[in-house]
Every structure is written in structure tokens, then in C-alpha cells.
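The values are calculated or read from the model by the stated rules, or taken from the named source; none is laboratory data. Computed from a predicted model, the values in this text were never measured in an experiment. Heads up, the Cβs are rebuilt from the backbone with ideal geometry, glycines too, and the neighbour counts pull from every protein chain shown.
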Amino acid sequence: MSQYEPQKTEPEIYRLWEKSGFFNPDKLPKRHKKSFTVIMPPPNANGPLHLGHAIFVTLQDIMIRYKRIKGFKALWLPGADHAGFETQVVFEKKLEKEGRSRFQIPREQLYQEIMEFTLANKKVMESQLKRLGASCDWTREKFTLDENVIKIVYQTFEKLKNDGLLYRGKRIINWCVKHQTSLSDVELKYEERKSPLYYVKYDVPELHSFITVATTRPETIPADVAIAVNPIDKRYENFIGKYAVNPLNNEKILIISDKTVDKDFGTGALKITPDHDKADEEIFGKHPEINKESKPVINFFGKMEGEKIPAELVGLKVFEARQKAMEILKNNNRLNVEFAPAGIDENYINNAALCYKCGSQIEPLNLANQWFVKMTEKPKGGKFSLRDLAVRAVKSGKIKFIPKRFEKIFFHWMANIKDWNISRQIAWGIKIPDEGTADVFDTWFSSGQWPFAALMSAKKDDFQKFYPTDVMETGSDILLFWVARMIMLGLYATGKVPFETVYLHGLVRDINRQKMSKSKGNVISPLEMSEKYGTDAVRMSLVVGNTPGSDPVVSEDKIRGYRNFANKIWNAARFVMMNLPENLKDIDAFAKKSRKNNALKTEDKKNLKELAMMAKKMTKDMDNFKFYSAAEQLYHYFWHVFADKIIESSKPRLNGSDTKDKSAAQYVLLEILKKTLILLHPFMPFITENIWQTIPNKQKNLLMIEKWPE
RNA sequence: GGGCAUUUAGCUCAGUGGUAGAGCGCUUCGUUCACAUCGAAGAGGUCGCAGGUUCGAUACCUGCAAUGCCCACCA
């Protein structure tokens, strides 16, 4: 008849905790000495929280509550991220719905509008974090656009500049034509696409011959400055140093040799187009003998524009221009049929670089005034490059990854890392402090400084007290975007690692292993689930079976199962309370008296010992970040040992006439209940605290700062 | 092309050098007793495939297959 109703009590319990002040480590009782710090990955303030957020809230709150109960000065510092590009994209979609466009809105106004949007979202987010039980210290909450955070970001920028780790250049960047901004290498996704390979003949008058180049981008031919072949390629020995004629504008271009050219690909001859290809740009830079200036033929809207372009191509979009260029070459008999039918290999497949947000094909373009951070060069007077700092910290074990296999991915990325373009041509973000552009920083440049920037700007001495932090818990999908950058920038700016352990969780999947997304309609809202089944049930469903690094599968059925568990706890506790001695005021005195009476049966002692053993095992799991295992053990113990066996077998004793034996049974039940409530608290904080408050306890302590049963 | 991982009951996942575990689901029975958001009993697996190491392998090694992920300037 009696059922637990979390909806009614959870918000009340949260207020009780907040009122106590214990979320703030400075307010914890004296026994809390050593600090334990987790910086919350600031959620993007551009929409409601989803299950991915609920996972991090659950895992981090478990860590924090566990350590707090264990007697640590536990700090969980909450924050919100302005999330530059991400938020701007969300906002642009909103504008689109309203029939407006970012390009028609003055920059300052756009900034203000996005700011209002973000602050409104931030507020919603905060209340949702509370609803999920996050025991973070709201007195230290930070926003990535707080003035004192921006100040720190600028300081790091200056330091990089002074150390010679920053340069500003005209360089090929990844340009998203739709969003009108450059993107860093990690902001691209790749897709295999059919991309016809054209075999184009370039005349070489000096030799009365021609050289054939294989290209997927004939529309860029007017921008060619050279042709490159491999020096060991016998076929082209005589061509090196001679001039070829550009088939689309008749300009003379030099044939050079470079050993990066793959002689086995295509014809072994590569056209060099420095304005529209990163690799070509590099080769161009290495060859001063190329006596031709590089000029672009594609503009920032992805259309043909520039000198020396055939008139038919001007103004066409890249794909249209490609068709047209192919026609011109064909009509002029410039396609070499020797290598493929009609001179075109239609089945050639390559990886197209796409904008990770909108899927538009990335246009490699040359953009001036872009800031790049050097990843592999040593700073002035310094010993280690940013890359080396990070790699050394992980290799030496100063930073540990859970699971460990992510270290390999990390090293692999670091080994091949390129300089980092931190300029973005969008309105929403931290303005880069220079005079030449209106550009803003890549969000990851500022969030890469988050652990120290948040602590330095929160409260006086926080940095000294809480840095380096203990655990960085976040999604494995942002290992390279964020974690890697935090390690580099944290070490560089402070000389210390930003955190000692990196715990990475996977991506939430639905029961069919699909990613959850709005467009698929398979999204489960953690807030809705909380309303329906209680936050504790949601949290348990997100931790049991969720091993680090692998993708957890979440379904409403699973959540319902843990709602049943919460109800089980509720009723078991009710049973124990109902069977306590009448008018019991102080359980501690009762426990003391019971121990003195020494009426425990062998079976009682055995039960208490079994609990102690389970607690020990489970504690070990907690210390090893095996929360999935700890949670499962608790679940099993509470339901199938305590409720099914111990409570059941106590019934005759509680109803019997032997008062001493009855008292012993009461004592054992109460003891097990108390201890399991503490053990369960990190996982299911609301129901455990709720029950705790109904136990006749003279001390009237909060469960959240009770002592862990050792 | 290079790398990382996964493969155990219908589903989601643990696990260990000594002939397999949990939850959900399923079957049968029960229940005015704290709880039907319940209880009891039960069915169900040649631990991806093929070799090897071993007294013994699901576990360690090798190869293969399927699946997933990451990285990459073959134009």
C-alpha cells in the first residue's frame, strides 16, 4: 500500500542540503581536512540538460559525496560554458526559424542577443543540475565569460605570445562556407565520397611533350603554381626544371621535384595549388624556385573569383565550376584517356572533410591574420613544447587515464599534432586582443584553461587550496578537443598538472544502440524521467552497467527497475522503523545498550560480518573508480540479502515473546539499515537522506556528512 | 592506409588460469504479513571462429571474422 513518492520530497531534501552549507568545503566540520576537488565540465549554456549531462552529474556527484562522507574537504566547482561556435550554431537555427539571419544583424547586437539567450539557458541549467542532486558549491559557480576568467585567458595568450609560441599568419585554414568561419582540425568530420579523378594533360613545349596530372579538383587548376614529381621517379626525370602550360589559362608553371609526392598515386605528378590545399601550401613553402605568386580562385562563399580564371567559371560554386572545368578540358582534348575511360576515374573514393556541425564540405582557404599556437616548439628559454609537457605528464603517471586505453589514443594524437588555429570568425566568444580582426577565440582555447581559470577566479586562495584538482570526469568524445588541451595549457600556465585522474565515460545509446538525437526522436530526458521515477532511480540507471569508456545503454525500463529498488528501500526502512521499541528517541543509546546486553545470535554476528565484508569490497571498488560494480553490489545486498533474507528471518523474533532476542533483532536491523543508507548515499542521495531524517537520532545530523562505515 | 577496442544467457553487461555470474525479460507457483513498484522456485550459455601455451583456457599468445571508435595532406 505504501509507496515512495520521490517527486514530493526530492526538492525539499535538496533545500535541506543547500541550507546546511556543506556543499561549500569551507563550511564542512573540522574532521574534513584533505581537499578533494572536481571541476565540473561546464555544460554548454544553450539548451536543457540531456542524458549525457545526467551521466556526468551522477558520476561526479558519486565521487564527491563519497569523498565528503569519507572526511575530505570536497569541492565540486560548477560552471557554465558560453560554448562559442556550438552556441552560435544553435542560435542561428533559432534565427532561421524566425526568418532572420546572423549576417543581417550587426555584430554587437548579435552578441547581446546571444548573451541573453545564453544567460536564460544557464539559469534553466542550474535548476536542472539541482534537480539531479548535484552537490556542487554554488557559491563558487563560474561562467566562461566572467570578466576575471577572460582576464586569465588573456594572460595566457600574452604569455604564449611572449614565449614565442604564438604566430599569426596567412595560412590555409579549414573554412566552413555555411558558417563563414575557420575551424580547427578536430572540428572536422570525414566522410567517404565518390570523387572523380581527372587525368589532365599539361603541355610541356620545351620537350614537345606533355605531363599528366591526376586531380579531383580541376576547378582549382587556374590557381596552380607548379607541378611536382618525386625525384626518384624515372618517368619524369627529364621534366624537372621545365615549364608546363596551364590548360585553363595558358600560364607557364614550373615542374619541380619533391620527395613527399607519391609516385604510385595517379600519374605520380601532382599539381601544386597552395591557396586551396594544405599539403600543396607546404610544398610551395619549401620551394623558392617556384617563381610564381600564389593567388586564390575561390572566395569565402565557395564561389569562383580571382584573376586568370576562364570567364565561364567566374561566379560558379565549386561543384558547378568543377563540371564546367571538366567540360572545357574535355573540349580542348586535355583529358588523358590512357589512364581511365574518357580520362576520368569515376569510381575514385576519398575522404571529404566536412564541418562537424552542418556537414558542409570544408573549403581549404588562405586566410590572413589567423592566430596559431605552436604545439611542438619549445617556448623561449623553456625546455618543453606544449605537446611534450602533456606527453611527459601522462607517460610519467602524473596524470592517469581511466580506462587506460585512452592514453594510447592521446599519445597517437599528440605524436601527429599540428599547430592549433585559435581564431574564429564568429561573434559569440572572447574577443582576441589584437588590432587587426574582430575574431574571437576558439572556445576550446578558453575552456582548455578551465581548471586553473575557474579556481583562480572563484575565491581567494582557492587555487592554492584546490589545485591541482583530483579528477576530471568527462565524455570520451571530447578527449582531444578538451582534455588534451587542458593538460597542455594547464601545465604550461601553472607548471602543474590540472588534474591527476581523467575518468572518461561513453556516449549514451538507446536500447537499439543508436545515439540519442532529437531528429531520431529517441531522446530520453533525464528531467522527465526524474519527475516520473525519481532522480535516484535515474542516477542508478546511469551508473549500473556503465563501465568507463564504453557506451552505456539507457532505457525507460531500466530506470523503472531502479524506481522499484527505491521503493524497496523505502519499505524496508519503514519495516525496520515500525518494529523499533516504542517511543525510541535515541538510536545511539539503544545501540549501545544492545551491544552491552550481548544477546546477538551467531546468525546476527554472521549477518553483521557479511555486511562489513560487502562494505569493504564495495569501498575498494569506489577507490578504484568501479562505481558500476559498487552500485550493483549494494543493490544486490540490500534487496536479496537484507530485505529477502535478514528481514524475513527476523519476523518471528520481532513478534516473539523473548524481549532480549527481540531487542537483538531490532538492533541488527537498525544497524544494517543505517550502514547501507550511508553506503547507498552517493548513488541515491535523496531517498537515503530522506529516510535518515526519520530515524530517531538525537544528533540530527545530515546523512551527507555522516561517517563511512569502514 | 595506420591505430585502439569489443565479441559471455533473448536483451544490457560483470567476471576469473580450475568445467560460468547479475539485472531486465521469460515459465510455474504463491501473497489480507514493510513492499504486486512483492515473494518462492525454475528454464536458458559448446563464454565469435581456428590454432597454440598449460595437468587444465571463457580468461594468456597467434591468426581469422564481425562490429564500433580514433587518427591520416595519396592529390
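Worth a mention:
- Within segment A:621-650, residues that are under 18 Å from A:ILE569 (Cβ atoms) and in contact (Cβ under 8 Å) with a residue 60 or more places away in the chain have Cβ atoms under 6 Å from residues that are of a type in the set (A, V, I, L, M) and near RNA strand B (Cβ under 7 Å from one of its atoms) in these pairs: A:ALA643/A:ALA572, counting only partners at least 6 apart in sequence or on another chain.
- Matching residues in segment A:520-567 - criterion: being over 14 Å from A:PHE686 (Cβ atoms) and in contact with a Pro (Cβ under 6 Å, 6 or more places away or on another chain): A:ASN546, A:PRO548, A:GLY549
- Scan of segment A:344-373 for residues that are touching a helix residue (DSSP H, G or I) at 6+ places or on another chain (Cβ under 9 Å), of a type in the set (S, T, N, Q) and within 14 Å of RNA strand B (Cβ to nearest atom), ordered by number: A:GLN361
- The criterion of being more than 10 Å from RNA strand B (Cβ to nearest atom), modelled with pLDDT of 95 or more and either over 21 Å from A:LEU329 (Cβ atoms) or not aliphatic (A, V, I, L, M) (or both) holds for A:LYS201.
- For segment A:81-130, a residue qualifies if it is among the small types (Gly, Ala, Ser) and either over 30 Å from A:ILE13 (Cα atoms) or in contact with a Ser or Thr (Cβ under 7 Å, 6 or more places away or on another chain) (or both), and the qualifying residues are A:ALA83, A:GLY84, A:GLY99, A:SER101.
- For segment A:563-576, the condition of being on the phi > 0 side of the Ramachandran plot and surrounded by 13 or more Cβ atoms within 10 Å (Cβ to Cβ) holds for none of the residues.
- The set of residues in segment A:172-196 that are in a strand (DSSP E or B) and crowded, with 18+ Cβ neighbours inside 10 Å comprises A:ILE172, A:ILE173, A:ASN174, A:TRP175, A:CYS176, A:THR181, A:SER182, A:LEU183.
- Hey, A:LYS271 within 13 Å of RNA strand B (Cβ to nearest atom), outside any loop (DSSP other than H, G, I, E, B), within 40 Å of the chain's Cα centre (by Cα) and not aliphatic (A, V, I, L, M) or not: yes
- Among (1) out of contact with any Asp or Glu (no Cβ under 9 Å at 6 or more places or on another chain); (2) at pLDDT 95 or above - the single one A:GLY47 does not satisfy: (2)
- Filtering A:LYS645, A:LYS609, A:LYS596, A:LYS592 for residues that are farther than 29 Å from A:ILE402 by Cβ, in a helix (DSSP H, G or I), more than 12 Å from RNA strand B (Cβ to nearest atom) and modelled with pLDDT of 90 or more leaves a single hit, A:LYS609.
- When restricted to residues that are more than 23 Å from A:LYS317 (Cβ to Cβ) and of a type in the set (Asp, Glu), segment A:192-230 contains 2.
- Positions within segment A:274-299 being surrounded by fewer than 17 Cβ atoms within 10 Å (Cβ to Cβ) and more than 16 Å from RNA strand B (Cβ to nearest atom), in sequence order: A:PRO288, A:GLU289, A:ASN291, A:LYS292, A:GLU293, A:LYS295, A:ASN299
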